Amino acid sequence: MTGSTRQSRITQQTSIAKRLMDTITRFKKLQITSKAQSDERLAREIRHACPDMLESDVKAIVENSNQSASLSNKLLNPRIDNQRLVLESARDRTKQMEQLDQSITQLASMFIMMQEFLEKQQETIDFVESNVENAVVDVEVGSQMMTEAIKIRSETRSRSRIILSALCYLILLIIIVTAVIAFQ
């Protein structure tokens, strides 16, 4: 991997991590705002359902989803079944928001762990890539050397044939000269 490609990937990863963290921060702010609005809505509904309820009781119900039995009994008056349903709905929405918060927090955590893992593995990836590039160069050099060796071998065979042929002609010439001298 070239340096510019690696730098580009690191820049992209950093950018994505920053955008995710910005999104998480915005989500946390929205969650706080939504929680405050939900708490205010719940308090308003409780005050509407039980106008004689003390403000401290309303605050206790809003702050604690598992209210004491006496506070729950005040809210669960048979005359205000509709308000009870609204209260339960608000509690359900709050639980869903908390679950969503946990899921997003887990996702962010996993993304950060993955980013750290990629950064740790980058050195190994670069080392492997360098070895691959070196192997490619070595294969090309080896291929050129093999081509030269084949060329030299073929030239050597050609020379060997010429020398062998010349040696055979020389031996034949000596035999002929010896035979001619012997017949004279």
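Over the chain, average the accessible area per residue using a 1.4 Å probe and give it in Å², no decimals.
79 Å²
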Extending each Cα 7 Å along its Cβ direction at MET110 and ALA182, get the distance between those two points in nm, one decimal. 9.9 nm
Rounded to the nearest 0.05, what FRET efficiency is calculated for LEU20 and ASN131 with R0 set to 35 Å and r the Cβ-Cβ distance? 0.60
Against the longest alpha carbon principal axis of the chain, how many degrees, from 0 to 90 and to the nearest 10, is the axis of helix 3-49 turned? 10 degrees
So what's the back-of-envelope 222 nm ellipticity for the chain, counting only DSSP H runs of four-plus at -39500 (n - 2.57) apiece and dividing by all residues, rounded to 500? -33500 deg cm²/dmol
Cut-off 14 Å between beta-carbons: net charge of the residues surrounding ILE10, Lys and Arg +1, Asp and Glu -1: 0
Please give the net charge around SER165, taking every other residue with its beta carbon less than 13 angstrom from that of SER165, where Lys and Arg add +1 and Asp and Glu add -1. +3
If I fit a long axis through the Cα atoms of helix 81-183 and take the longest principal axis of the Cα atoms of the chain, what angle between them do I get, 0 to 90°, rounded to 10? 0 degrees
Local electrostatic count at ILE24 - Lys and Arg +1, Asp and Glu -1, tallied over other residues with Cβ under 14 Å: +3
For the GLU119, THR94 Cβ pair and Förster radius 41 Å, calculated FRET efficiency rounded to 0.05 is 0.65
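The values are calculated or read from the model by the stated rules, or taken from the named source; none is laboratory data. None of these values were measured; they are calculated from a predicted model. Ideal geometry is used to build each Cβ from the backbone, glycine not excepted, and the neighbour counts take in all protein chains shown. To get the accessible areas, we keep the full protein, side chains included, count just its heavy atoms, and leave off ligands, DNA and RNA. Shrake-Rupley method; radii C 1.70, N 1.55, O 1.52, S 1.80 Å.
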